[in-house]
Amino acid sequence: ELPGFYYDPEKNRYFRLLPGHNNHNPLTKDSIQHKAMECKRLRLLEEEEKQHQKTTRAGLNSSVLLQKRQLGSLSPTSYCRYIHELKVNCMQRRKIEIHSPDSSVAGTNNFKIIVADVACERIFTVNDVEHGGCKYGIINLSGLGKESLTVEMYDNLYFTNRKVNSVCWASLTHPDSHLCLMGIAETPGCASLLPASLFSSTNPGDRPGMLCSFKISTAWSCAWCLNPQADNCFSTGLTRRVLVTNVVTGHRQTFGTSSDVLAQQFATQTPVLYNGCRSGEIFSIDVRQRNRKGQSWKAIRLFHGSAVTSVHLMEAEHYLMAADMSGKIKLWDLRTAKCVKQYKGHHNEYALLPLHVNEEEGLLTAVGQDCYTRIWSLQDTHLLRTIPSPHPSSKDAIPSVVFSSRLGGSRGVPGLLMAVKQDLYHFSYN
């Protein structure tokens, strides 16, 4: 590199690098880097369309796997895991048409967040609206095998001009019956619990109201507790504190922290809440504790080098997956408080990006700030696939994804759903 110059590989020569305020020829390092990234993205998209069958491991194909299984040299678990890896590498992109009863909704608002329920039968969508607020909707995935999906949008009856930072499904009266929304207005913010039946257009006259709503400072995260010892409770990660609310009794517990709580998840076997902070600390709180001054709430404590953006507790609850703003994804053993695995390749600098763990399929999925969706093998941390975004990379075009081998329920269509800008794509698993 020569100071004040940049090298153009197409023209095979150096050009003078001009300052960014020069309006006649605004050539900056950022614009050069963006152009190089866009060329790489278009090249990868072209390669994906040409190459249907891809393998990430030498000698791994379906016939070899079947032969090993028949010879007994491969366990059923390993066989299933490798088959999922093969299918992931052969996924093909298809754009899905979305129809909405409200003509002003479909295809006009950018997707911000999509979150699937436990059975992956429905996805809750948060869409940015031009005037600065958000609209919410539920897409039923039962029609995913057909040509189009219908989205039922809910116009903001309660949430006028409110942005949404965090969403989670809540099981109050039955599994995935409600939604926790953490909204931010100018100041203060708002935490609300909405019945999912609000989004159904079957009985518009008989709509239930909000079950719970209260003003808060800026909320970063939320989580619902499924353990019966802390039934009907949800947590809210705020600036320097954690708030646990019982939606039936209205009782609230406040736990003071030294940093903003950006990520949360409850354990299922015990009423323990795991929190990831801006300081890089991950700690757990047993919500059965009573409020005593001077008492330390933190049980397990782990540390990342930068702000923790996502935490995911594994099914056996001995391991915790966490991602941070330096792009590191680590698997922690909670019994020894040590990092046992690290998944490389993820890109993040300052965004709150979630992790998607599918233990049954043995896969980890994450979208980076560079707008690439990456899929790893949970078992050996191998990067299986890197999927470029169908849209040019930008801060407001980071895809939101849902992955499952049962999209639409037990007999659903497997694959990856990707929401980016105003479009929804399905990467077919078959």
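The values are calculated or read from the model by the stated rules, or taken from the named source; none is laboratory data. Just so we're clear, the structure is a prediction, and the values are computed from it rather than from any experiment. Don't worry about glycine lacking a Cβ; one is built from the backbone with ideal geometry, like all the others, and counts go over all protein chains shown. Heads up: the accessible areas ignore ligands, DNA and RNA and are worked out on the full protein's heavy atoms, side chains in. Shrake-Rupley method; radii C 1.70, N 1.55, O 1.52, S 1.80 Å.
Here are a few things to note about the model shown:
- Residue match in the range 418-429 (condition: of a type outside the set (A, V, I, L, M, F, W, C), within 18 Å of the chain's Cα centre (by Cα), surrounded by fewer than 20 Cβ atoms within 10 Å (Cβ to Cβ) and not in a strand (DSSP E or B)): yes
- Test result for S306, among the small types (G, A, S), within 24 Å of L383 (Cβ to Cβ) and surrounded by fewer than 20 Cβ atoms within 10 Å (Cβ to Cβ): yes
- When each of L86, L74 is tested for being at pLDDT 80 or above and assigned to a loop (DSSP other than H, G, I, E, B), the lone residue that passes is L74.
- Qualifying residues in the range 267-286 (those that are within 25 Å of P175 (Cβ to Cβ) and open to solvent by 10 Å² or more (accessible area, probe 1.4 Å)) - the one nearest to the chain's Cα centre (by Cα): Y274
- Output for the range 384-403, where each listed residue is closer than 20 Å to C120 by Cβ and either among the small types (G, A, S) or part of a loop (DSSP other than H, G, I, E, B) (or both): P399, S400
- Selection within the range 339-363 - in a strand (DSSP E or B), touching a Phe, Trp or Tyr at 6+ places or on another chain (Cβ under 8 Å) and open to solvent by less than 60 Å² (accessible area, probe 1.4 Å): C339, Y343, H356, N358, L363
- When D370 is tested against (1) over 15 Å from V311 (Cα atoms); (2) open to solvent by less than 10 Å² (accessible area, probe 1.4 Å), exactly one condition is not met: (2).
- Residue count, the range 369-383 (criterion: in a loop (DSSP other than H, G, I, E, B) and in contact (Cβ under 8 Å) with a residue 12 or more places away in the chain): 8
- Just one of the listed residues (I114, I139, I123) is modelled with pLDDT of 75 or more, touching a helix residue (DSSP H, G or I) at 6+ places or on another chain (Cβ under 8 Å) and of a type in the set (A, V, I, L, M), and it is I123.
- Selection from the range 214-229 of residues that are modelled with pLDDT under 90, surrounded by fewer than 23 Cβ atoms within 10 Å (Cβ to Cβ) and closer than 26 Å to R278 by Cα: F214, K215, I216, S217, T218
- Any hit, the range 347-363, residues being closer than 21 Å to Q33 by Cβ and either of a type in the set (A, V, I, L, M) or touching a helix residue (DSSP H, G or I) at 6+ places or on another chain (Cβ under 9 Å) (or both): yes
- Any hit, the range 389-396, residues being over 15 Å from D117 (Cα atoms) and either crowded, with 20+ Cβ neighbours inside 10 Å or touching a Phe, Trp or Tyr at 6+ places or on another chain (Cβ under 7 Å) (or both): yes
For (1) in contact with a Cys (Cβ under 9 Å, 6 or more places away or on another chain); (2) on the phi > 0 side of the Ramachandran plot; (3) among the small types (G, A, S), each residue gets a yes or a no:
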| position | (1), (2), (3) |
| --- | --- |
| G250 | yes, yes, yes |
| G256 | no, no, yes |
| V261 | yes, no, no |
| Q264 | yes, no, no |
| C277 | no, no, no |
| E281 | no, no, no |
| I285 | no, no, no |
| R288 | no, no, no |
| D333 | yes, no, no |
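- Tally of residues being of a type in the set (G, A, S), in contact with a Phe, Trp or Tyr (Cβ under 9 Å, 6 or more places away or on another chain) and more than 23 Å from N348 (Cβ to Cβ) across the range 405-423: 2
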